[in-house]
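A.B. asks: The structure follows.
The values are calculated or read from the model by the stated rules, or taken from the named source; none is laboratory data. All figures in this text were calculated on a predicted structure; none of them were measured in a lab. Every residue, glycine among them, receives a Cβ derived from its backbone with ideal geometry; neighbour counts consider all protein chains shown. SASA here: full protein model, heavy atoms, side chains in, ligands and nucleic acids out. Shrake-Rupley method; radii C 1.70, N 1.55, O 1.52, S 1.80 Å.
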Amino acid sequence: MKKDREIKVLLLIACFFILGSAFGQATSVVAQPVDANQACRALNNFKIDASQIGLPTGGAVVQVATLVSAAAPGNVNGEFCRVLGVIRPVDVTAPNIRFQLNLPSNWNNKALQMGGGGFNGVTVTGEGPFSNQPAAVPRPLAQGYVTYGSDSGHDSTVPFDGSFALNNEALANFARLQVKKTRDAAMTIVMKRYGLLPKRTYFVGGSQGGKEAFDAAQSYPEDYDGIVSIYPAYNMTMMHMGSNAFAKALYANNGAGWINPAKVKLIFDSVMAACDGLDGVVDGILSNPQGAACTAQTSKFLLKAAENPLRCADGLDQGDKCLSDAQIDAVKALNSRFDLGITIKGGLTSYAKWPILDGTNFLHQTLGSAPKYSIPPAATDAFQLRPSDATIRFLITRNLSLDSIKDFNPRDWASRIVEISHLIDASTTDFDAFRAKGGKVILAHGTNDSSITPYNTLDYYNRLVSRYTQAGLDSFLRFYMIPGFGHGVGLFNARLDSLAALDAWVERGNAPGELLARDENTAAATAATNGRTRPVCVYPQWPKYTGPASRTQAEVNSAANYTCVLN
């Protein structure tokens, strides 16, 4: 009998350890220390069966795993194992998904997936900062996060190269599926290395990466605990239809509507002269560009009348000191919603206006250097022509010789546009499953974004409010509109620690309120503003200067002298 009791005790102990291992993800168990170099080398040629990835693939394999010493030249991330691998396609003619996974020797039991940009095509290493991270904040890998990313399933170093989309599996991977496939492959390797899964998994990205963050929360909510999405390309189909209309307005009437760089500056300077001081200080930033006081002045720039101080006297082009009527028409088109005339995913029918009268200088996403364009577009053409042309020629029509300005009418391709939108867009407002599991969202956009108009994200936010009510939405999402910030650049090149804010919300329930942004402009023309700070206000609030009347440079540059206000 004694022997039987001993056997039962041993069996109970064994069951305890087996169950503890099986449910390691839900416990606070910390991985036991192992020899980091040995554990890293053991991952070389590690094969992941297709059954371990939640979507159809040909399996995955680690091609090389290398331990990077904390003392390695240029390494600021501490000791970690760099893992490079590929996820094989089902269609043997499709490209692999290339990925990189970084496994810190000092793991914090959390993981961060990082998004790409543009049309992707370059592997996100995960070794660098997250989107718009302050330079003074340690990189996520240095903080102990497992970090990882991919090339989204195709290889290209050419901006807006849409050629991958001619393969259906490569297109589907880019559209959404690579987010899940990369995550599942990464988690299999994490389990192999540490013996347990992360306690928390986040996704942070901007632009295309911001859209991928939406994919993570909307399509794979069980896999993530929180996301940060900055200037997201969540509705790429509609966005590029709007960009096509943007380009058509500029190049209308054989280029008569085109606005050269000098005239872009004329518009910018005029807006700033009319509105810069309305937020309490003249500092090169419009904190509330859509406020009534500002729009009362800027609306005059749309008139073909004497009240418009920018209009050439007879409406004909008379040089760089005024706008012709054709150019005013172009400004008016950019300052208006574009009606697609087709209902696509998310119930979308139109695209928001551009911030051309909001103090946006279009220095980075330019209007081009000549009134003529080329197909395929050149780097000297209007920026918005480039991504829209690629989507039209490679994803929608698959007619590579098509002139997307002269020969493309969206209504002729209505069914295909709807099909593409359902394939690639993350424009649904359904975060129900993500919210139910406690997922949190930080969403941000800059007021001066000339790549993806900030009003596109504002449209999305307003749709979320309609779905969840303000109180319901506030329980899991915060939206920030950042004055002076563009698409990763800007008059105010905002850097903010959104990852720390997200982690505090998920881990400790500390919902973020006002955040702090630091201007990290380094270009010669803007370096003088480097280091100034501003509060980042929860929308619809905006930062108003309420500091000392003396308005010294130090006072103007300090976030402490601004208050988030509603009007």
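A.B. asks: Among Gln365, Ile344, Leu402, which residue has its Cα positioned farthest towards the positive end of the charge dipole of the range 344-411, with +1 placed on the Cβ of Lys and Arg, -1 on the Cβ of Asp and Glu, and the dipole taken about the Cα centre?
C.D. replies: Comparing the listed Cα positions along the dipole, Ile344 ranks first.
A.B. asks: So what J values fall out for the range 70-86 if you push phi through Karplus, 6.51 cos²θ - 1.76 cosθ + 1.60 with θ = phi - 60°, rounded to Hz, Gly and Pro as x?
C.D. replies: 3J(HN,Hα) across the range 70-86, in whole Hz: 4, 8, 4, x, x, 7, 10, 9, x, 6, 7, 9, 8, 10, 10, x, 9.
A.B. asks: Counting only helical runs of four or more DSSP H residues, what would the 222 nm mean residue ellipticity of the chain come to if each run contributes -39,500 (n - 2.57) and the total is spread over all its residues?
C.D. replies: Helices in the chain give a 222 nm mean residue ellipticity of -9000 deg cm²/dmol.
A.B. asks: Mind checking the dipole of the range 112-249: about its Cα centre, +1 per Lys or Arg Cβ, -1 per Asp or Glu Cβ, Debye to the nearest 20?
C.D. replies: 260 debye
A.B. asks: Right, another one. Give the long-range amide H neighbours of Asn399: residues separated by 5 or more places, or on another chain, with amide H under 5 Å away, using H modelled in the peptide plane at 1.01 Å from N.
C.D. replies: Placed amide hydrogens put nothing under 5 Å from Asn399.
A.B. asks: Separate question: Starting from the amide H of Ala517, placed 1.01 Å from N in the peptide plane, find each other amide H under 5 Å away whose residue is 5 or more places distant or on another chain.
C.D. replies: Arg534, Val536
A.B. asks: Still on this structure, please answer the following. From the backbone phi of the range 378-385, what are the Karplus-calculated ³J(HN,Hα) couplings (6.51 cos²θ - 1.76 cosθ + 1.60, θ = phi - 60°) in whole Hz, Gly and Pro given as x?
C.D. replies: 9, 5, 8, 7, 3, 3, 5, 5
A.B. asks: Still on this structure, I have one more. Which aspartates and glutamates, on any chain, are close to Lys199 with Cα under 19 Å apart, when same-chain ones fewer than 8 places away are left out?
C.D. replies: Asp184, Glu222, Asp223, Asp225, Asp503, Glu507
A.B. asks: With contacts defined as alpha carbon pairs under 8 Å and 6 or more residues apart, what's the relative contact order of the chain in percent?
C.D. replies: Relative contact order here is 12 percent.
A.B. asks: Hey, what angle do you get for helix 454-474 against the long axis of the chain, alpha-carbon based, 0 to 90 degrees rounded to 10?
C.D. replies: Helix 454-474 sits roughly 50 degrees off the main axis of the chain.
A.B. asks: Could I ask something else about it? Alpha carbon centre of the range 310-342 versus the range 64-104: separation in Å?
C.D. replies: Using only Cα atoms, the two centres lie 50 Å from each other.
A.B. asks: Let me know the longest stretch in the chain that avoids all GluC sites (Glu not before Pro) found in a DSSP loop with at most 15 other C-beta atoms within 10 Å.
C.D. replies: 1-306
A.B. asks: Another question about this same structure. Nearest 5 is fine: what % of DSSP beta bridges in the chain come out antiparallel, could you say? Don't jump to the answer; show the numbers that get you there.
C.D. replies: Values: 37 of 62 bridges.
If I count the DSSP bridges inside the chain, around 60 percent turn out antiparallel.
A.B. asks: Another one. If you wrap a convex hull around the C-alpha atoms of the chain and split its volume per residue, what is the figure in Å³?
C.D. replies: 175 Å³
A.B. asks: Quick one: accessible area per residue over the range 232-336, 1.4 Å probe, rounded to a whole number of Å²? List each step's numbers first, then the result.
C.D. replies: On the way: 3930 Å² over 105 residues.
In whole numbers, the range 232-336 has 37 Å² accessible per residue.
A.B. asks: Follow-up. Which order do His364, His445 take when ranked by solvent-accessible area (1.4 Å probe, heavy atoms of all protein chains), largest first?
C.D. replies: So the residues, ranked largest to smallest area, are His364, His445.
A.B. asks: Give the span of the range 109-196's Cα atoms along each principal axis, as three whole-Å numbers ordered largest to smallest.
C.D. replies: 39, 32, 16
A.B. asks: How do Lys180, Lys248, Lys372 rank by accessible surface area computed with a 1.4 Å probe, from largest to smallest?
C.D. replies: Numbers: Lys180 25, Lys248 55, Lys372 125 Å².
Largest accessible area first, the list is Lys372, Lys248, Lys180.
A.B. asks: Shifting gears a bit: Over the Cα atoms of the range 195-295, what radius of gyration and what Dmax do you get, in Å?
C.D. replies: Expressed in Å, the Cα Rg and Dmax of the range 195-295 come to 20.5, 65.
A.B. asks: While we're on this one: ³J(HN,Hα) across the range 407-419 via Karplus (A = 6.51, B = -1.76, C = 1.60, θ = phi - 60°), whole Hz, x for Gly/Pro?
C.D. replies: Per residue, the Karplus-derived 3J(HN,Hα) values read 10, 10, 10, x, 5, 6, 10, 4, 5, 5, 4, 4, 4 Hz.
A.B. asks: Return the whole-Å distance between the Cα centroid of the range 397-425 and the Cα centroid of the range 439-486.
C.D. replies: 28 Å
A.B. asks: For the range 442-532, go through all pairs of different Cα atoms, get the mean of 1/r, take its inverse, and jot down that Kirkwood value in Å.
C.D. replies: On the way: mean 1/r = 0.0697 Å⁻¹.
For the range 442-532, the Kirkwood estimate is 14.3 Å.
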